[in-house]
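The values are calculated or read from the model by the stated rules, or taken from the named source; none is laboratory data. Just so we're clear, the structure is a prediction, and the values are computed from it rather than from any experiment. Positions of Cβ are backbone-derived with ideal geometry, glycine not excepted, and every protein chain shown enters the neighbour counts.
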Amino acid sequence: MNKLLKFIKKIEPKKGTINHTLYDGLFTFLFTPNDTTTPEGVHIRDRIDLKRTMVMVVLALQLCYLFGTYNIGHQHFQALGIHTGFFNGFHLKLAYGLTKLLPLFIWTHVVGLGIEFYFAWKKGHPIEEGFLVSGALIPLIMPPDLPIWMLCLAVAFAVFLGKEAFGGTGMNIWNVALLARAFVFFAYPTTISGDQVWIAGFENILPGAQVEYGWWQTSFFNTLFEWFGWAQFDPSATIIDGFTGATPLALAYEGGWDKVTEIYSSSQMFWGTIPGSIGETSKPLIILGALMLIITKIGSWRIMVSGLFGAIVMSMLFNLWGATPFMNVPWQDQLLMGSFWFAIVYMATDPVTAAGTNFGKLIYGFLIGMIGMIVRIINPAYPEGWMLAILFMNTMAPLMDHYIVESNMKKRLKSA
Amino acid sequence: MKMRRTIFPSNWSSISIATMLAVLISTQTGYSQSSADNDMVTIGLLLILIVLIIGAVAVASSNVIQIAVQSKQTNYHKDYSEEDGLPSRQVHQLKKGMDILLKGASKNKFTEVHTSRYALQPFNFHNIAPIPKVVVEDGGEVLAGDPLFYDKQHPDVFFVSPVSGEMAGIVRGAKRAVNQVIVLADREIKYKKLNSPDLKSSDRLTIREFLKKNGGWPLFRQRPFNILPDNEGDPRDIFISTFDTAPLAGAMSAKIDGRYEAIQKGVEVLHKLTDGKVYMGIDGRKDAELPRELTEINGVEYHAFDGPHPCGNVGVQIHHIDYIKKGDIVWTIGVQELITLGNMFLLDIYDAQRVINISGNAAHDPHYVKTYLGADLSEIVPESFDDPGIRVISGHVLHGNKKGENPFLDFYTQQVTIIPEGDQYEMFGWLVPQSMRPSASHTYPNFLFKDMKYNVDTNKHGEKRAFVMTGQYEEVLPVDTYPQQFFKGIVTQDIDRMEGLGIYELVEEDVALCEFVCTSKQPLQRILREGLDYMQYEA
């Protein structure tokens with residue numbers, strides 16, 4: 001270790017250059033610096049730092065990554081009607097998922113970290129860790145077939161205008177990952193909504209449409225799998241009759257819960273073998289991640305619990321009203337559909353953009369639950385509302401904090 | 001409970017109306033894109049419902065805030081019942097905070113060390129100018145209790161020599177500031193006879209003048225700001241904390257050294273100085289050691305405190321007994337300073353004896369040392385000063401000054417902590433740590449082993465970042481405030497926010513734990529001192 005340290009110290013570039021910013025970022029990643037505490041103030045420091053905090057969230061996301069990758073392939077083969085069992089064609093599904101997910105993941109980081117590094121160099125700051133989490137979240141909330149250039153544009157928009165313009169990590173008003181998604185949602189709505197986008201590998205989701213494979217599938221993986229003697233990708237396969245790429249929410253909007261259960265079973269929706277954004281579908285894995293965040297105290301349980309409560313209350317109210325088939329979907333089934341869990345666990349709990357006071361977090365989470373459910377059920381253009389609800393509440397969070405802090409201040413000043 | 005809607009005044013309603021308009025417009029465009037199977041009546045109804053719900057939630061949450069605020073407020077004013085003339089002992093249960101358990105606690109062993117040099121350090125007192133007027137010439141003889149210097153802004157307040165001996169000059173720091181005024185001590189301490197006034201017959205002014213002239217004044221600290229008491233104005237109350245919950249703090253019973261009469265006399269002096277009460281915070285924890293010298297004092301109102309650190313901090317105790325409102329002045333005094341004060345009247349001498357405890361995982365022999373105020377620590381723990389890899393702290397690990405070229409015990413401290421410096425790199429230290437260190441974070445398994453004791457060093461374990469995490473400081477600060485918003489208020493010099501969130505109550509040692517747990521490694525104690533200085537300057 002000492003030799004490595006010496007070697008790395010030797011190749012340190014000149015200070016003030018972009019190379020040094022890069023070097024510093026990688027060095028502090030590899031080695032915790034030897035800074036000691038100041039002569040005044042505390043002389044010992046807690047062992048936690050921002051790197052560890054952020055990495056914990058990324059670790060909590062790993063299950064979603066694994067499942068999401070596999071589910072891309074699984075949904076793809078569901079459409080083709082081959083390897084329909086969950087574990088059938090395991091290598092094909094995984095390989096296919098990887099060819100879709102890895103480009104998203106890599107390009108997100110290339111663009112996002114590139115902008116971060118540039119700004120760190122310009123400002124003379126060390127590289128901050130905020131993008132570790134944003135960069136891990138962004139691929140998971142995109143449809144698998146999103147064109148790479150759109151992703152890059154969205155990430156650039158989110159990091160540049162959503163974060164760096166406000167001063168970097170810790171200063172942003174809106175959740176960076178959601179901003180990236182909102183960008184795509186409003187700029188290129190057809191690529192992120194409707195029945196056509198959630199299954200990867202097809203121009204149109206219509207019975208008889210032929211699959212589109214690229215070099216990776218037809219040349220690289222097929223050669224590899226041939227060598228192993230395993231099943232291969234079939235470039236002539238077509239979508240089977242009766243297949244629909246619609247998500248449960250789209251179906252529920254059309255015809256209520258009955259229409260949903262014609263195609264998807266409850267356990268399918270619970271375990272997540274349904275089409276959707278990459279990371280959002282599997283509820284048990286998200287809940288496992290949520291437990292990890294709650295136990296490590298990195299995600300706020302207040303936001304998660306009150307958010308769940310708000311969503312339940314709102315869907316119950318809609319049940320009572322019951323004017324459309326969608327409103328009549330039982331409240332417990334509303335929770336099985338869509339990306340509520342992913343949003344409330346990973347998006348709403350972002351400490352920078354959420355309310356900062358404990359009481360504020362309760363209101364914040366509750367309102368996200370309510371507003372998200374309202375948008376989901378009433379908005380006909382796109383039956384899901386968490387992105388908009390969270391961005392809206394991000395905007396409102398400072399206001400809530402302001403009044404809560406103000407009430408504490410009044411109490412002290414009043415009795416003066 | 002009365003419900004009032006004052007929390008969300010007109011600006012909230014205007015914002016919510018604007019939002020609703022936005023929702024209305026966006027929803028309508030949404031509908032126009034879709035198929036025409038919804039009629040406009042339903043849409044209208046839906047919109048009205050949204051408006052109603054958002055409004056209802058806004059009003060409800062405003063009321064809930066009110067309720068929360070008012071129910072919390074009951075904590076502020078407690079009534080104390082008095083039975084048979086004896087004050088009942090109010091126990092304050094504090095939940096928030098954190099005990100940092102470290103290795104290197106002081107053994108129950110006492111030595112007496114009379115060092116050859118003692119020094120007063122003007123920077124220990126917050127509101128005096130960095131260059132005070134020294135009144136003794138180099139080489140001049142002083143007795144214990146003879147004045148050494150005074151501050152030009154408070155020309156009648158003298159800082160006196162803790163021991164007798166020969167004036168050995170001053171040490172200057174940056175910008176010619178006087179860092180230390182050093183006295184070469186006699187082997188046998190000769191005390192100046194103080195001619196203290198009779199306590200019963202003298203009035204407050206006489207006592208105040210006597211204290212100012214004979215070094216009794218700096219024993220007190222005034223809140224707000226934790227400074228030397230003002231010349232004008234009497235304190236509302238005087239507070240004493242008789243136990244220390246800081247990491248590796250020594251037992252107070254050992255530090256009192258059996259001087260019951262001095263404490264009792266000191267309390268009588270305190271009553272002369274205030275029209276209010278003298279509060280004594282005592283240890284209410286389960287295995288508390290309560291010596292007679294602390295529990296049988298007449299004339300004080302006892303409050304017991306139970307909970308983790310910082311419940312032994314006098315600032316936290318003031319907050320829970322009777323908090324400092326704007327315009328209030330209270331004084332605080334430590335137990336050993338109180339003994340010095342009592343002996344000024346009891347024995348008629350300035351008795352600056354201090355019992356300190358040497359502690360820390362780099363201390364060779366952690367134990368109790370009986371010495372005098374301003375002692376030269378490099379004579380008490382010489383081996384630790386020789387080693388550059390070791391840090392000697394006058395104070396505890398959360399609040400204190402690093403000692404090196406200036407090896408003298410600070411004025412208000414009664415503990416010395418010795419820990420190794422942590423100037424080493426650690427490969428992937430943030431991910432897979434190679435050594436056990438204390439942490440409040442649940443990302444380490446530490447929280448499962450509550451009784452574990454740790455070795456520590458001075459490594460920062462990370463780099464400074466912007467405020468990111470929320471809710472961390474609240475968990476370790478048993479004061480009803482919003483620490484993160486408070487610190488942001490200081491950074492932005494927002495006077496309203498500073499006042500409203502308690503700048504008059506808090507001092508550095510109270511927020512030390514917040515600084516320890518901070519993920520972003522912010523220097524909170526320094527930020528708070530800047531805020532305190534700013535407020536003093538504005539006042």
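Let's see how each residue does on (1) among the β-branched types (Val, Ile, Thr); (2) touching a helix residue (DSSP H, G or I) at 6+ places or on another chain (Cβ under 6 Å); (3) over 17 Å from A:Glu129 (Cβ atoms):
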| residue | (1), (2), (3) |
| --- | --- |
| A:Phe31 | no, no, no |
| A:Thr37 | yes, no, yes |
| A:Ile44 | yes, no, yes |
| A:Asp49 | no, no, no |
| A:Arg52 | no, no, no |
| A:Val55 | yes, no, no |
| A:Leu59 | no, no, no |
| A:Leu63 | no, yes, yes |
| A:Tyr70 | no, yes, yes |
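Taking segment A:191-231 as the range and being of a type outside the set (A, V, I, L, M, F, W, C), part of a loop (DSSP other than H, G, I, E, B) and under 31 Å from the mean Cα position of the chain (by Cα) as the test, the residues that pass are A:Ser193, A:Gly194, A:Asp195, A:Gln196, A:Gly201, A:Glu203, A:Asn204, A:Pro207, A:Glu212, A:Tyr213, A:Gly214. Within segment B:355-395, how many residues are assigned to a loop (DSSP other than H, G, I, E, B), out of contact with any Leu (no Cβ under 6 Å at 6 or more places or on another chain) and under 25 Å from B:Ser161 (Cα atoms)? Qualifying residue count, segment B:355-395: 2.
Checked against (1) more than 10 Å from chain B (Cβ to nearest Cβ); (2) touching a residue at least 60 places away in the same chain (Cβ under 8 Å); (3) under 23 Å from A:Gly162 (Cβ atoms); (4) crowded, with 24+ Cβ neighbours inside 10 Å, A:Trp386 passes all but condition (2). The set of residues from segment B:125-159 being touching a residue at least 60 places away in the same chain (Cβ under 8 Å), surrounded by fewer than 21 Cβ atoms within 10 Å (Cβ to Cβ) and more than 23 Å from B:Leu532 (Cβ to Cβ) comprises B:Pro147, B:Asp156.
A residue that is farther than 24 Å from A:Tyr96 by Cβ, buried (at least 24 other Cβ atoms within 10 Å of the Cβ) and charged (D, E, K, R) occurs nowhere in segment A:164-182.
Within segment A:94-104, being touching a Phe, Trp or Tyr at 6+ places or on another chain (Cβ under 7 Å) and either under 15 Å from A:Leu224 (Cβ atoms) or surrounded by fewer than 17 Cβ atoms within 10 Å (Cβ to Cβ) (or both) holds for A:Leu94, A:Ala95, A:Thr99.
Which of the residues spanning segment B:341-393 are within 20 Å of B:Thr111 (Cα to Cα) and hydroxyl-bearing (Ser, Thr, Tyr)?
Within segment B:341-393, B:Ser359, B:Tyr368, B:Thr371, B:Tyr372, B:Ser378, B:Ser384 meet the criteria.
Specify the residue that is farthest from A:Val133 (Cα to Cα); the eligible residues are those in segment A:317-353 that are assigned to a helix (DSSP H, G or I) and among the aliphatic types (A, V, I, L, M). Applying the filter and picking the extreme gives A:Leu320. Whether any residue in segment B:418-430 is over 30 Å from A:Leu4 (Cβ atoms), within 14 Å of chain A (Cβ to nearest Cβ) and buried (at least 23 other Cβ atoms within 10 Å of the Cβ) is what I want to check. Yes, segment B:418-430 has at least one match.
In segment A:281-301, what count of residues is obtained for those that are part of a loop (DSSP other than H, G, I, E, B) and either over 23 Å from A:Met142 (Cβ atoms) or touching a Leu at 6+ places or on another chain (Cβ under 7 Å) (or both)?
Of segment A:281-301, the ones part of a loop (DSSP other than H, G, I, E, B) are A:281-282, A:296-300.
Among the residues that remain, those that are also either over 23 Å from A:Met142 (Cβ atoms) or touching a Leu at 6+ places or on another chain (Cβ under 7 Å) (or both) are: A:296-300.
Qualifying residue count for the region: 5.
Within segment B:433-461, the set of residues being in contact with a Ser or Thr (Cβ under 7 Å, 6 or more places away or on another chain) and either in contact (Cβ under 8 Å) with a residue 40 or more places away in the chain or more than 15 Å from A:Gly299 (Cα to Cα) (or both) comprises B:Asn446, B:Thr458, B:Asn459, B:Lys460, B:His461.
Among the residues of segment A:250-263, those that are closer than 15 Å to A:Trp331 by Cα and either crowded, with 23+ Cβ neighbours inside 10 Å or assigned by TED's automatic domain parsing to the domain that holds A:Thr324 (or both) comprise A:Ala252, A:Tyr253, A:Val260.
Every residue in segment B:448-482 that is assigned to a loop (DSSP other than H, G, I, E, B), under 29 Å from A:Phe31 (Cα atoms) and more than 7 Å from every other protein chain (Cβ to nearest Cβ), please. Please lay out each step first, then the result.
First pass over segment B:448-482, keeping only residues assigned to a loop (DSSP other than H, G, I, E, B): B:449-453, B:455-458, B:460-472, B:477-482.
In the following step, the residues that additionally are under 29 Å from A:Phe31 (Cα atoms) were identified as B:449-450, B:452-453, B:455-458, B:460-472.
Result: B:Phe449, B:Lys450, B:Met452, B:Lys453, B:Asn455, B:Asp457, B:Lys464, B:Gln472.
Against the criterion of being surrounded by 23 or more Cβ atoms within 10 Å (Cβ to Cβ) and not small (Gly, Ala, Ser), B:Pro235 does not qualify. Screening the candidates B:Arg117, B:Arg176, B:Arg172 for the property of being among the basic types (Lys, Arg), surrounded by fewer than 19 Cβ atoms within 10 Å (Cβ to Cβ) and within 27 Å of A:His43 (Cβ to Cβ) yields one hit, B:Arg172. Report yes if B:Pro433 is under 23 Å from the mean Cα position of the chain (by Cα) and modelled with pLDDT under 95, otherwise no. Against the criterion (under 23 Å from the mean Cα position of the chain (by Cα) and modelled with pLDDT under 95), B:Pro433 does not qualify. Screening A:Gly360, A:Gly310, A:Gly369, A:Gly356 for residues that are buried (at least 24 other Cβ atoms within 10 Å of the Cβ), at pLDDT 90 or above and outside any helix (DSSP H, G or I) leaves exactly one candidate, A:Gly356. Going by the structure shown, is B:Gln493 surrounded by fewer than 19 Cβ atoms within 10 Å (Cβ to Cβ), part of a loop (DSSP other than H, G, I, E, B) and more than 7 Å from chain A (Cβ to nearest Cβ)? The answer is yes for B:Gln493.
Would you say A:His83 is buried (at least 18 other Cβ atoms within 10 Å of the Cβ) and either at pLDDT below 95 or closer than 25 Å to A:Val345 by Cα (or both)? Criteria met by A:His83. Screening segment B:254-327 for helices (runs of 4 or more DSSP H) wholly inside it with 3 or more residues that are more than 22 Å from the chain's Cα centre (by Cα) and touching a residue at least 60 places away in the same chain (Cβ under 8 Å) returns the ranges B:260-273.
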